[in-house]
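Student: Before we start, here is the structure in question, set down as structure tokens.
The values are calculated or read from the model by the stated rules, or taken from the named source; none is laboratory data. Just so you know, these numbers come straight off a predicted model, no measurement behind them. Don't worry about glycine lacking a Cβ; one is built from the backbone with ideal geometry, like all the others, and counts go over all protein chains shown. The accessibility values were calculated without ligands, DNA or RNA, using every heavy atom of the protein model including side chains. Shrake-Rupley method; radii C 1.70, N 1.55, O 1.52, S 1.80 Å.
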Amino acid sequence: MERNLKNVLVISFGFLLLFTAYAGLQSLQSSLHSEEGLGVASLSVLYAALILSSMFLPPILIKKLGCKWTIAGSMCCYITFSLGNFYASWYTLIPTSVILGLGGAPLWSAKCTYLTIAGNSYAEKAGKNGKDVINQYFGVFFLIFQSAGIWGNLISSLIFSQASNNVEISEESLACCGAYDCMTDTTNTTGSAELSNSIIYTLLGIYTASGVLAVLLIVMFLDQIKSDQAEAEKEILETPSFWSTFLATFKHLKDKRQCLLIPLTMYSGFEQGFLSGDYTKTYVTCALGIHYVGYVMICFSAVNSLCSLLFGKISQFTGRKVLFALATVTNTACIIALLLWKPHPKQLAVFFVFPALWGLSDAVWQTQTNGLYGVLFEKHTEAAFANYRLWESCGFVIAFGYSTKLQVYIKLYILLSVLVLSMVTYGAVEYLEAKRSRGTPAGTKKENVGPLTQETHM
């Protein structure tokens, strides 16, 4: 097996094991810990910490430890969140959410940097187009990574369904489900109050073990990245000061294209936050019960995983603009339908249609936006991916922050507004790129990532 591909697979399966635990826990937070909004509060704090981490931690850790050990160390931060859920309270979930958030930015930044360098390294040897190899690597990664939601949610649903009593939900309670929810915790109690500590501890024990296996996989099998560009950088550049590192992410905002991509990047956080925080609670748990959350999210993850691989491969034929248009139309249709639909247990299939279509759209947002950052900012990949994670985290924080304060229909209107703004600013980026390409003499544009002259990250 080609060495770069082996490393891509090691990273992918490491993330699969880690996010088998995290994806399952994130889907359940709003339903499992609904008292005083503890679940969504922990997620909001988590992504707020991720924003702070994005500003200064990744470049420091990546420069000092390298991509491999940054990934391994950051994974340990995720394990603490699983441990915090063993005794869920404001004194355990909030601190472990902060720890996870601090580790999240270096984890994703090191992964993005590793895949981008590996893709360009292989493209140079094989005489292929750098951006096409990068897109394929991201496609393979997201195919495997997104399937984490399948396993994590399958585990939770199988365990919860054994302990769940199928209680008949009254029409009065169902009236409080959906876009025009009643803003009370009574919509969230179906099945969740029935769970015993032993059931929850069994689930958390499996999730914790999965995270530990992820760390061991990375430590034992991932090669430290070897790149002529990285070596040249170490020779030329001195270690940056703390403040120059801290400011590097914001210096990257001098690039007009980066500024225009902020709404699109934030929308990624908004739409994921809505599905895991609001759809699972006010549609699924409210109308069907908590034991259905996992099955519904499996549908999302399965479609997301398959489409990620598909879009990673066909993007070189269709171009990214067609795929972004497909995701926009699909997401818009879902938002409008969710505004009109009143969830009812008799319409079981409909509960799975929405996450399936959402998974198709999210596959585009993830693969194409990641690839877009790698191609547009090929000489400043770490600073670019730092901004990516920073602004996506802002979207998560806002989405989870107002989760318990606003009715669902208002959140859907906000989601639709951000989507429209995202497509307008993305169109401006494509216009600037087309204009820039016309002004570039033939043969002078480089496809491979150049020296990482600005080290900043999420």
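Student: With +1 on each Lys and Arg Cβ and -1 on each Asp and Glu Cβ, how big is the dipole of the range 320-421 about its Cα centre, in debye rounded to the nearest 20? If you can, show how the numbers build up before the last one.
Tutor: On the way: 8 positive and 4 negative charges, 63 e Å.
Taking the Cα centre of the range 320-421 as origin, the dipole is about 300 debye.
Student: Would you list the membrane-span-like helices of the chain, meaning whole DSSP H runs whose alpha-carbon atoms span at least 20 Å along their axis and whose mean Kyte-Doolittle value is at least 0.0? Could the numbers behind the result be given before it?
Tutor: Values: long enough: 3-32 (43 Å, 0.90); 38-84 (36 Å, 1.34); 90-126 (53 Å, 0.48); 130-146 (23 Å, 0.73); 148-163 (23 Å, 1.02); 197-221 (36 Å, 1.92); 293-318 (36 Å, 1.28); 320-340 (31 Å, 1.66); 348-376 (43 Å, 0.95); 381-401 (29 Å, 0.53); 408-438 (45 Å, 0.83).
Sorted by number, the helices that extend far enough and score high enough are 3-32, 38-84, 90-126, 130-146, 148-163, 197-221, 293-318, 320-340, 348-376, 381-401, 408-438.
Student: Shifting gears a bit: Which entry in (1) 26.9; (2) 20.4; (3) 36.2 matches mean projected area of the Cα convex hull in nm² derived from the coordinates of this structure?
Tutor: Matching entry in (1) 26.9; (2) 20.4; (3) 36.2: (2).
Student: Starting from the Kirkwood Rh over alpha-carbon pairs, what translational D in µm² s⁻¹ does the range 321-421 have by Stokes-Einstein at 37 °C and 0.692 mPa s?
Tutor: Details: Rh = 15.4 Å.
In µm²/s, the coefficient rounds to 213.
Student: Report the one residue of HIS380, LEU338, VAL296 whose Cα lies farthest in the direction of the positive end of the charge dipole of the range 249-437 (charges on C-beta: Lys and Arg +1, Asp and Glu -1; origin at the Cα centre).
Tutor: Toward the positive end, the furthest listed residue is HIS380.
Student: Right, next: Placing +1 at every Lys and Arg Cβ and -1 at every Asp and Glu Cβ, with all other atoms neutral, what dipole size does the chain have around its Cα centre, in debye to the nearest 20? Write out the running numbers ahead of the final one.
Tutor: On the way: 30 positive and 28 negative charges, 279 e Å.
Charge dipole, the chain, about its Cα centre: 1340 debye, nearest 20.
Student: Then there's this: Do any GluC sites (Glu not before Pro) in the range 1-67 lie in a loop, going by DSSP, with at most 12 other beta-carbon atoms within 10 Å of their beta carbon, and if so which? Show your work: numbers first, answer last.
Tutor: Values: sites: GLU2, GLU35, GLU36; in loops: GLU2.
Listed in order of number, the matching sites are GLU2.
Student: While we're here: Find which of LEU306, LEU421, PHE274 sits farthest along the positive direction of the dipole of the range 249-437, computed with +1 on the beta-carbon of Lys and Arg, -1 on that of Asp and Glu, about the Cα centre.
Tutor: Towards the positive end, the residue furthest out is LEU421.
Student: Once you place label points 7 Å from the Cα toward the Cβ at GLN407 and LEU9, how far apart are they in nm?
Tutor: 5.3 nm
Student: Still on this structure: Heavy atoms only, probe 1.4 Å: what % of the accessible area of the range 249-437 goes to carbon and sulfur, would you let me know?
Tutor: On the way: 4520 of 6350 Å².
Ligands and nucleic acids excluded, carbon and sulfur give 71 percent.
Student: Here is a follow-up. With the full set of protein chains in place, find how many percent of the accessible area of the range 62-118 is carbon and sulfur; take the probe as 1.4 Å.
Tutor: Ligands and nucleic acids excluded, carbon and sulfur reach 76 percent.
Student: Treating the range 249-437 as a set of equal point scatterers at the Cα positions, no solvent, please give the Debye-formula log₁₀ I(q)/I(0) at q = 0.08, 0.13 Å⁻¹.
Tutor: Listed by q, the Debye log ratios stand at -0.27, -0.69.
Student: Same structure again: I'd like the isolated cysteines in the chain, meaning no second cysteine's beta-carbon lies under 4.7 angstrom from theirs.
Tutor: Lone cysteines by the Cβ rule: CYS67, CYS76, CYS77, CYS112, CYS259, CYS299, CYS307, CYS334, CYS394.
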